[in-house]
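The next block holds one structure in the form of structure tokens; read it before the comments.
The values are calculated or read from the model by the stated rules, or taken from the named source; none is laboratory data. Worth saying up front: this structure is predicted, and the values here are computed from it rather than measured. Using ideal geometry, Cβ is built from the backbone for each residue, glycine included, and neighbour counts are taken over all protein chains shown.
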Amino acid sequence: MKKLLATRYSLHSERGYSLIELMVAIGVFGVVVTIMSGTFMISLRGQGKSATMQNIADNARYAMEVMAKEMRMGMIKASEGYVLNASSDIQFRSNMPNRNGAIVRFYLDVPTGQIMFDDDISDALTPEPITAANIAVSALTFDVSGASSLSQPRITIAMQAASAGTAADVATRMDLQTTISPRSL
């Protein structure tokens, strides 16, 4: 015959976690997740600022390259049709292969904040922008020295560009300047 034994149950089991241990673990986990989220958000903001800066640099560099190439191959002499209408508006005779000696013009269109290029001022075609719409050029100056003398003329181009239509925390501004000497005297 079998004996019946009473099973003892205790209220304090050695298996599992107490409520305080769970609260501490959840608190530590929350702090770690908060720190990781903050780091991620900061890196995203930095990446956005970097992309905006790269976009401005690419656009400004391209505009400078186009203007410099045209001016390097142009005739910057008063007798050859060179005119500096304002500090941000220049026109001159281009000797580029496809221009056939046409008078070209670069200027800043203030309402749009874009640098405009007219590859032949005698035709009825509208000038085209050489900067993107998401870049606002706030200043463009042409400083010409030596255009009326027999010396080699020099053109200094200075530009101030900023991002347009971006959030305030990633907005960026950049100043560029270059000096060009035309090849032909």
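State yes or no: is MET71 at pLDDT 90 or above and not in a loop (DSSP other than H, G, I, E, B)? Let's see the steps before the verdict.
Working: at pLDDT 90 or above: no; not in a loop (DSSP other than H, G, I, E, B): yes.
In short, no.
Could you check how many residues of region 145-176 are over 22 Å from ALA57 (Cβ atoms) and in a strand (DSSP E or B)? Talk me through it step by step, then tell me what you get.
Here is the first cut: in region 145-176, the ones over 22 Å from ALA57 (Cβ atoms) are 145-154.
Cutting the leftovers down to in a strand (DSSP E or B) gives us 145, 154.
Number satisfying all stated conditions: 2.
How many of the residues making up region 43-64 are closer than 18 Å to PRO129 by Cβ and without any contact (Cβ under 8 Å) to a residue 60 or more places away in the chain? Walk me through it before giving the result.
Here is the first cut: in region 43-64, the residues closer than 18 Å to PRO129 by Cβ are 55-64.
Narrowing further to those that are without any contact (Cβ under 8 Å) to a residue 60 or more places away in the chain: 58.
Total satisfying the criteria: 1.
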Given the criteria buried (at least 19 other Cβ atoms within 10 Å of the Cβ), hydroxyl-bearing (Ser, Thr, Tyr) and at pLDDT below 90, does SER88 qualify? yes
Residue that is touching a Lys or Arg at 6+ places or on another chain (Cβ under 6 Å), β-branched (Val, Ile, Thr), farther than 22 Å from GLY74 by Cα and surrounded by 15 or more Cβ atoms within 10 Å (Cβ to Cβ), where the choices are VAL137, VAL170: VAL170
Output the number of the condition that SER181 fails; it satisfies all remaining conditions of (1) under 27 Å from MET96 (Cα atoms); (2) of a type in the set (Ser, Thr, Tyr); (3) modelled with pLDDT under 85. (3)
Got a number for residues in region 65-118 being on the phi > 0 side of the Ramachandran plot and touching a residue at least 40 places away in the same chain (Cβ under 8 Å)? 1
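Taking the stated definitions as given, is MET96 assigned to a strand (DSSP E or B) and surrounded by 15 or more Cβ atoms within 10 Å (Cβ to Cβ)? Give the steps one after another, and end with the answer.
Numbers: assigned to a strand (DSSP E or B): no; surrounded by 15 or more Cβ atoms within 10 Å (Cβ to Cβ): yes.
For MET96, the condition - assigned to a strand (DSSP E or B) and surrounded by 15 or more Cβ atoms within 10 Å (Cβ to Cβ) - is not met.
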